[in-house]
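Here the structure comes first, spelled out in structure tokens, and everything after it is commentary.
Laboratory data are not the source of any read-out in this text; all were calculated from the coordinates shown. All values reported here derive from a predicted model rather than from experimental measurement. So basically every Cβ, Gly included, is an ideal-geometry build from the backbone, and we count neighbours across all protein chains shown.
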Amino acid sequence: MSRFIFPSQTITSSKVVNVPLDVALRTIQDFPEMIRLDPLVLGFDADPRNPNVYTVNVKTELLGIPSSSRYTLKFIMVVDGFDVAWRSGFGTIFAASWRAKWVEGKTEITEKTTAKAFFLRLPFIMTNLRKSHEQLLNALASKLEGQDPTPSATDKQPNMHIITLLSALLLILGLLYAGRIRTIEAILSFSALGIACAVYFICGMSSDPYGTFHLALNRLPGDPPEGDPRTEWLNMGYWRDADVFPEACEALARKVIEAAEYQEGDNVLDVGHGSGESLILQLSYPSVPRPSSVTGITSLPAHHRRSFDRIVRLREEAPDLKCNIRLYEGDAVYRSDAKEHPLDPASEAAPYDRILALDCAYHFRTRSEFLEQSLVRLAPGGRIALADICFASLDKWTARTLIARFSPMPKENVITSEEYVRKMQIIGYRDVRLEDITDDVFPGFQTFLRSRGGLWRIFACFMGVLARNGARFVIVTGAKGE
């Protein structure tokens, strides 16, 4: 029976390259280089105990919000290539082999991958594999032949979390139909799961370009439907005295800046800045003290490019702007293979007086690593400030399990307010403060989403599920000792 529920399927692809066999073998048996060539990999770490084991951080998409998944790859080198195996969620197992052979004066590289997965998931997995591995094979061929290894654009690939959730939803609906779920708590729990499934499905099937859906949210009544809006905010907003999305988003950004005790001439690191609106706020808003230097981190290429272009325009409009600005494209958390990462503990760059993370740290893998690395790179007396999500209580199975499994948060980031404060203190932060502003964030954001109509109403329902399960929106700050 198990082979019917979890069947296997294999795909094979090959490429002929005009290089000697030994040259091709040296490259494909260079495991770090093969990982770097994968267009979906954000970073990786080698296992210090085993040179053939690597943990990779793979980029995923969720409603324009950066997310990622981590897998452990186990390589085995063979004479004519290598084998590699890894596991992902929901009982999925992968095994791949790469081989190179000499054929008529050229080298043929063949890749064969077998996936074993839940039967409802398997067709989507194989579609995803064909696209992503075709990109990798083309990038490898380009590198070997001395061309630009940057992969060409392809159609959006399905997010595996979406497939998992849709599969679970089908089973749950079947159980509900059969009348096997009888308790109120169970029904409410699975209703929350169903809403989460719908949200993930919407995110994965959206035709909006990745990372630009928020432009529509910034467009005000009366603005022309074409062209960019005046602002490009991407956060939930602080709605106490705001009526429209851009005003609420700006208010939340200013609240984080105030919590960081921002001062004139500060050296600032802004992590997860989206398409640059928070950077522009720091460089141009009248009541914000001007920093001497601002460094921005975003993992999304689209956001990085938009931020760069917008900063260039700002400099043209304000030629007297003296601030040094550096934009870094990459994961918020430093990995050993990341070059010139702002949070590299060995960096010789000046430490930061202020580190800001506006409505993004709950996505980091992990938040704890980010906080540890930030403390190292803070100047003595410097302060970090985050607008973040934690939880009032996680005692119920409903909250702890559903949120950790079916929300876009890594399970390590699903913690209570008390755990958040204690974790920061254990890491070494002084004067840790947590301000709960939930009532000025979630209700206003949900009302705004519902006003947009259509599919945004479903996302508003998802936010309601989080809130009912104890989600709290907080401003958290901590300082480094003198």
What is the order of 314, 327, fewest Cβ neighbours within 10 Å to most? 314, 327
Most exposed first by the Cβ proxy, i.e. fewest other Cβ within 10 Å, how do 77, 236, 126 rank? 77, 126, 236
Which order results if 368, 292, 299 are arranged by neighbouring Cβ count within 10 Å, fewest first? 292, 368, 299
In terms of the alpha carbon gyration tensor, root eigenvalues a ≥ b ≥ c, rounded if a/c is under 1.5 and otherwise prolate when a/b exceeds b/c or oblate, segment 214-479 is oblate
Pairs beyond 26 Å (Cα-Cα), from 106/339; 74/411; 322/423; 101/131: 106/339; 322/423
Counting only other residues whose beta carbon sits under 12 Å from that of residue 265, what net charge do I get with K and R as +1, D and E as -1? 0
